[in-house]
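Here the structure comes first, spelled out in structure tokens, and everything after it is commentary.
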Amino acid sequence: MAAGRPKQFITLAGEPILLRTIKTFISTGLFESILITSPASHLEQTQRMLAENGLQNRCMILEGGQMRQDSVKIGLDALPKGTHYVMVHDGVRPLVSQQIIKNCLAMAKESGAAITAIPMQDTIKSIRNHYISHTIDRQNLWRAQTPQAASVNLLQQAYSLAAEKDFIATDESSLLELLNCQISIVKGSEENIKITVKEDLKMAENFLRQETGQLRIGHGYDAHRLVEKRKLILGGVDIPHAKGLLGHSDADAVVHALCDALLGALGEGDIGQHFPDSAPKYKDIDSLKLLAEVMKIAQAKHCHVNNADLTIIAQKPKLASFLPQMQKNLAKICQVDNAAINLKATTTEEMGFTGRQEGISCHCVALLVSEP
Ligand code: MG
């Protein structure tokens, strides 16, 4: 792939391919031990990657052999005594699902050996001298994937026989076939691709994006003037202060900034478009109600809030003690955990309109996820 490093260390959605693969296997809770064979040149890097992710005690790293078959043999020989079943998987098939792993192991336990495969969709041509010689009936053709699982005993026999016959294969089932034993097929998936060329990485990224939904970011900014005889309401919290913010609604600049960030992420313009300050029904309205309206728009567009980060700029009053309540108010309406809403307050060291206490402003960025 000309990436200057082995494929297993290339990152897919921010995570090395091999790490994603290992995590999926661990998350099934089915495995006593996980053995990884690595080229000698990358043993250290593999070790470091596992340690950085707290997985060094879950996996054993072995120096692999010349060919795939040699590496699997090394792994097979290193299995802890008393291991009954073994599953072999390509480190560069990071999109394998828990379900496929479970199905494959269950089937191997039933019949002794099972592999993951998918039916052939394309029409297959046999070629001779650059011309088609004939078409192969695809009815009974399946493409082998991994994982492939078998009883340890059976796979060891297969490897011994292959060594005797000098037989080299590209997957475990080809060796098992030497034993004439029954090997079951478990349906894999088109997503369980082996990342071999650049295009595969693109495809894997697309599959992941479909799974996690599309991310949409938005930014919001609001400022209101501080005047006498107005309540100071920020993030839905009534804050004791000599002055309050002037506006058509309750002038809650924090909620307004959040609303604008959400509307921005939704591609829905801004708060003024949706709740015009010429409309009497919004006079002195609790801005949390406007936020609830914005969330309805998000829901109609099948979007939910991933997180939001807000910075309130005010010289006075001190806001730190009110932030937790603001966080609760906003998180509740956004239907997220409190931790998904981050609030900060800063002064501008008496510079500018906020510094001179003429007003209070707020910035917000919000990330939405649109459901696939
Ligand atoms: Mg406003």
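The values are calculated or read from the model by the stated rules, or taken from the named source; none is laboratory data. Everything quoted here is computed from the prediction, not taken from an experiment. Because the Cβ atoms are built from the backbone with ideal geometry, glycine has one as well, and the counts that use them run over all protein chains shown.
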Inset, instruction - Check Glu164, Glu172, Glu190 and return the single one that is buried (at least 16 other Cβ atoms within 10 Å of the Cβ) and of a type in the set (Asp, Glu). - result: Glu172
Inset, instruction - Check the stretch 225-242 and report whether any residue there is under 30 Å from Gly14 (Cβ atoms), within 16 Å of the ligand (Cβ to nearest atom) and touching a Ser or Thr at 6+ places or on another chain (Cβ under 8 Å). - result: no
Inset, instruction - Go through the stretch 270-279 and give me each residue that's part of a loop (DSSP other than H, G, I, E, B) and more than 11 Å from the ligand (Cβ to nearest atom). - result: Pro276, Ser278, Ala279
Inset, instruction - Within the stretch 283-315, track down each residue that is within 15 Å of the ligand (Cβ to nearest atom) and over 33 Å from the mean Cα position of the chain (by Cα). - result: Lys283, Asp284, Ile285, Asp286, Ser287, Ile313, Ala314
Legend entry - In the stretch 296-314, the residues that are assigned to a helix (DSSP H, G or I) and within 17 Å of Ile217 (Cβ to Cβ): Ile297, Ala298
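Let's see how each residue does on (1) of a type in the set (Gly, Ala, Ser); (2) under 31 Å from the mean Cα position of the chain (by Cα):
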residue: Gly112; (1), (2): yes, no
residue: Ile127; (1), (2): no, no
residue: His134; (1), (2): no, no
residue: Ala150; (1), (2): yes, yes
residue: Phe167; (1), (2): no, no
residue: Thr170; (1), (2): no, yes
Legend entry - When residues of the stretch 209-220 are limited to those that are surrounded by fewer than 17 Cβ atoms within 10 Å (Cβ to Cβ) and at pLDDT 85 or above, the one nearest to the ligand (Cβ to nearest atom): His219
Legend entry - Qualifying residue in the stretch 24-36 (condition: among the small types (Gly, Ala, Ser) and more than 22 Å from the chain's Cα centre (by Cα)): yes
Legend entry - Any pair with Cβ under 9 angstrom, 6 or more apart, that starts in the stretch 216-234 at a residue that is aromatic (Phe, Trp, Tyr) and ends at one that is more than 11 Å from the ligand (Cβ to nearest atom): Tyr221/Ala261; Tyr221/His363; Tyr221/Cys364
Inset, instruction - Look at the stretch 293-342 and say how many of its residues are in contact with a strand residue (DSSP E or B) (Cβ under 6 Å, 6 or more places away or on another chain) and of a type in the set (Ser, Thr, Tyr). - result: 1
Inset, instruction - Name the one entry in Glu199, Glu205 that is without any contact (Cβ under 8 Å) to a residue 12 or more places away in the chain and either assigned to a helix (DSSP H, G or I) or exposed (fewer than 13 other Cβ atoms within 10 Å of the Cβ) (or both). - result: Glu199
Legend entry - Number of positions in the stretch 316-359 that are over 37 Å from the mean Cα position of the chain (by Cα), among the hydrophobic types (A, V, I, L, M, F, W, C) and either closer than 21 Å to Ala251 by Cβ or not assigned by TED's automatic domain parsing to the domain that holds Val294 (or both): 1
Legend entry - Those residues of the stretch 247-269 which are near the ligand (Cβ under 10 Å from one of its atoms) and assigned to a loop (DSSP other than H, G, I, E, B), in sequence order: Gly247, His248, Ser249, Asp250, Ala251, Asp252
Legend entry - Matching residues, the stretch 314-323, being farther than 14 Å from Ile233 by Cα and either touching a helix residue (DSSP H, G or I) at 6+ places or on another chain (Cβ under 8 Å) or crowded, with 19+ Cβ neighbours inside 10 Å (or both): Gln315
Inset, instruction - Report the residue count in the stretch 315-349 for those that are aliphatic (A, V, I, L, M) and in a helix (DSSP H, G or I). - result: 8
